[in-house]
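Notes to accompany the following structure.
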Amino acid sequence: MPKPGGNVSGFRGRLFLIIVLVVGLLAIIGAALAQRHLSAASEEEFANSVQQHVEASLEAHQVRQEMLVGICADLARQPRIHAALEDDALDLLYPSAANELSPLMNGGQAQENEAVIRAGFYRFLDMRGKVIPPVQPRLHGLLPAGWEGFLELPGLPENPQTGIAFLPPADGAGEVVEIIAVPVISTETFSPIAALVVGFPLQKTAAAPGHFFGVWSKGSSLTRIPGNLSRPEIENRIASMISRGGEGDSGILRTGRGDFRLVVTPLNPDSAYPPAYGYFLSSMEPLQERLARLRRQVLFGALVVIVIGLAAAHLVARNMSRPVENLALASEEEYHQRLRAELALDATSQELERAARFSADASHQLKTPVAVMRAGLEELAVDRELPERLRPEVAALIGQTGRLTRVIEDLLLLSRLDAGRLAVEMQPVDLGLVIDSLLDDLSILPQNEQHPVEVEGEGNFWVRGNRGYTSLILQSLLENATKYNRKGGRIRISLDREGSFVACRIGNNGKAISPGMQARIFERFHRGATGENVPGYGLGLNLARELARLHGGRLELVESREDWTEFVLLLQAERPPEEEGNPWT
Amino acid sequence: MLRFAVWAALQLSFMGLLADRGSTTGATIEGTVPLPPSPAPAVMAKRYEIVSKGGILSTIPPVGVVWLEGNFPEEGNPPVLQIVQKDFVFDPALLPVRVGTVIEFPNEDDEYHNVFSYSPAKRFDLGRYMPEERPIPSQVFDQAGMVTLRCDIHEHMRAIILVIDSPYFVTTDTRGRFRMEELPAGDYILKAWINSRETLEIPVRLESGKTLQVTFTGD
């Protein structure tokens, strides 16, 4: 039998472990979900902020471009410029323009709270879109030799055109310029007669830290590449984004110097000048830092949850396992009690076995001397030389040795019963027949006075049993009924069916057994208090009861009143064997 | 300002009378020049506006200028004429003058005007001035040709001065009819300015006391 107490702490541990596992799993899943959700939200927020920045920058650029176009269109309407072009006075074109544009060239257009707008150069295009060369270029902004070609257009535009180009160094460092070409519309013909092209240095967008704005045109970046980033990498990426036809396209540029969000957007769509694109690089470092911080926070949260879960699991496991532990404790006590009981039982059974063995041994050892003694006495009884006066004495001794033999045999049988060693071969037994044969024997007993015997019960009463032992039980009962009967009292035997049993009742006219005695009459070596002169040795009823139990039946005292004592023997009923036939009938 | 105009008109009529009386042997030319039809009903005030159509400056309603070209002796200083800037237009919008004429440009608006010309016949720039400007800004037109007047401030303002190297010129009516009297006899070229791009010419032989009918035809 397994010891129950040892598994109680194991139960609590397992419960604790399961709760911890579940809580931990939930915490991990929750943390993963939260992390994913928050990451996505952060990334979206970052993308939105970048987009906002881009849109704001673009809007600023557009507003500025529109303003520049407006300024240029105003200049292109100046009467002197028209006069020079329309009144056959080309020689006065650039001088007049110098007059008109000098404020713009000197940045004098700036008003309060407005950024200074300063033009870098300007030129006029003729009807074919070619640059009309100025006489004194220095007055109108010096341009590197041959670079003027960039300003030219396939023809005169009907509408303002914008372009962005890198102006290589002429005097100082080169710069990126925004080019605005506005047509000069004749006040006479209302068609373009020339175009005014003005170059403005590209406004440095006030980029927030981490953001960079650049201009890309004709396959390369016109502006400086920020930081230590690789120029071809960025240029190729932009080129591929543009070739995909993405307008306002965005992507993530992963470089050795960190990740950037790259947004490319056209700056001069539908212009006659080569298309230029603004590109915005936004370092993803803040986002990544934020994500890392978020990860740490989520991780910390998960840990806190797990720790709380541990504590909760501990409490819950303790509370939940308490009844189980109590139960286990109780069962442990019970176990110990049972163990003790079993030990005691074991000891008892050993004792019993020892006692039974002792009885068996003792009986066995006694049988031989008694047999020898009886043989000697019988020899003595037939000796002719034995004086006649001794003969009754010897005969009495022989009778006593007979009793002794029976006692020894009963003891041996009982000790076998006690030790459980009695193997009984069961067979159908006709109880009526057994009784008849017993009555026959009883009638020839010489020493006892005769008691009239009545037998009741019609039909066959077959029981399952051993013929010898069944006979022994009934013999015991009959001897008992004879011994304790009053003088001249009768004996009544009745056979009857009670359910699956056959009941054999044996009554006599003996004295009443006191209620205190009734419980003890089946004890070993107990003899009726009334009969000191009654022969017997107090084993008969005990042996009869043990044998009845061995047969799966029972022997009980039914009643004991004045002048009537009745026992009942219940044995399992059995169908009579038909094929074999009954050798007695 | 009105005083000047009246004065100029009187002077013109006086000169006409003198010429009429001085020469009885003068020839006369009358005829028509081809003008586009007047778009508007009869105009009460004789006041033209320079318009451009297809890059060609002309007047609305259309009028032409006819003059006799040849070698004529100098006839002293021509009178001083005026082109007034009033209601943001030049008045008159078309003014034929003889070479050497001084033209004053009074400003009768309460605004700055800036009269200038980039025309090869006369380049000038009077700068900005208000009506109070004295003396009245003026220019001598001493080279024959067409001068386009512009205002640097008001880009729509235009006027045309035809500087003619001849004392004999006349402005047609809106149907193109003209008549010149008291002309010296001889062989000349009669020219007719239709618009900024079109000037017609016909050789004429003038005889004293006779009236020559001339009809210009367009190309």
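Read-outs throughout are calculated quantities, based only on the coordinates presented, and are distinct from any laboratory measurement. Computed from a predicted structure; not experimentally measured. Note that we place each Cβ from the backbone using ideal geometry, even for glycine, and neighbour counts take in every protein chain shown.
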**Request:** Quickly work out the A:Leu303-to-A:Ala512 label distance, labels modelled 7 Å from Cα along the C-beta direction, and quote it in nm with one decimal.
**Result:** 9.2 nm
**Gained length - A:Ser500 relative to A:Asp74, 0.36 nm times residue gap less alpha-carbon distance** = 140.1 nm
**Prompt:** Once phi is turned into θ = phi - 60°, what whole-Hz ³J(HN,Hα) does the Karplus curve with 6.51, -1.76 and 1.60 give for every residue of segment B:62-74, x standing for Gly and Pro?
**Reply:** x, 9, x, 10, 10, 9, 9, 9, x, 8, 10, x, 4
**Prompt:** What is the helix-to-structure angle for A:467-483, meaning the angle in degrees between its Cα long axis and the longest Cα principal axis of chain A, kept from 0 to 90 and rounded to the nearest 10?
**Reply:** 60 degrees
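Once you wrap a convex hull around the alpha carbon atoms of the protein assembly as shown, what is its projected area averaged over all directions, in nm²?
On the way: hull surface 330.3 nm².
Computing the convex hull of the Cα atoms and averaging its projections yields 82.6 nm².
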**Global size of segment A:424-572 as Cα Rg and Dmax, reported in angstrom** = 14.5, 40
**Item:** Rounded to 5, percent antiparallel among DSSP beta bridges of the protein assembly as shown
**Value:** 90 percent
**Message:** Tell me which of A:Leu75, A:Leu26, A:Ser96 sits at the most positive position along the dipole axis of segment A:25-118, charges placed on C-beta atoms (Lys, Arg +1; Asp, Glu -1).
**Reply:** A:Leu26
**Asked** Say each of A:Arg486 and A:Val382 gets a label point 7 Å from the Cα, pointing the same way as Cα to Cβ; how far apart are those two points in nm?
**Response** 4.6 nm
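Kirkwood hydrodynamic radius, segment A:338-407, all distinct C-alpha pairs: what's the number in Å?
On the way: mean 1/r = 0.0672 Å⁻¹.
Here the Kirkwood hydrodynamic radius works out to 14.9 Å.
Subtracting the Cα-Cα distance from 0.36 nm times the residue separation, let me have the gained length for A:Arg295 to A:Asn228 in nm, one decimal.
Working: separation 67, 0.36 × 67 = 24.12 nm, distance 2.90 nm.
Using 0.36 nm per residue and subtracting the Cα-Cα distance, I get 21.2 nm.
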**Request:** Round to the nearest 0.05 the FRET efficiency obtained for A:Glu55 and B:Asp87 when R0 = 45 Å and r is the Cβ-Cβ distance.
**Result:** 0.40
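Which value, in debye to the nearest 20, gives the size of the charge dipole of the protein assembly as shown about its Cα centre, when Lys and Arg are +1 and Asp and Glu are -1 at the Cβ?
Numbers: 78 positive and 100 negative charges, 482 e Å.
That gives the protein assembly as shown a dipole magnitude of about 2320 debye.
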**Item:** Cα-based reach from B:Lys210 at 17 Å (exclusive), listing aspartates and glutamates while leaving out same-chain residues under 8 positions away
**Value:** B:Asp20, B:Glu30, B:Glu181, B:Glu182, B:Asp187
**Asked** How far apart, in nm, are the 7 Å Cα→Cβ label points at A:Leu390 and B:Ile153?
**Response** 19.1 nm
**Prompt:** What is the local net charge at B:Arg98, summed over the other residues whose Cβ is closer than 15 Å to its Cβ (Lys, Arg +1; Asp, Glu -1)?
**Reply:** -3
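Using helices alone, I'd like the mean residue ellipticity at 222 nm for the protein assembly as shown: each DSSP H run of four-plus residues gives -39500 (n - 2.57), total over residue count, nearest 500.
Values: 11 runs with 297 residues, N = 804.
For the protein assembly as shown, the value works out to -13000 deg cm²/dmol.
With 28 Å as the limit, write out which pairs from A:Lys367/A:Lys483; A:Lys130/A:Lys218; A:Lys367/A:Lys487; A:Lys367/A:Lys511 have Cα-Cα distances beyond it, or answer none.
Numbers: A:Lys367/A:Lys483 26 Å; A:Lys130/A:Lys218 21 Å; A:Lys367/A:Lys487 35 Å; A:Lys367/A:Lys511 35 Å.
Over 28 Å Cα-Cα: A:Lys367/A:Lys487; A:Lys367/A:Lys511.
Sorted by average packing, counted as other Cβ atoms within 10 angstrom per residue and highest first, what order do A:356-366, A:32-42, A:334-344 take? Kindly include the intermediate steps, with their values, before the conclusion.
Working: A:356-366: 15.1, A:32-42: 13.5, A:334-344: 11.5.
Averaged packing, sorted descending, gives the order A:356-366, A:32-42, A:334-344.
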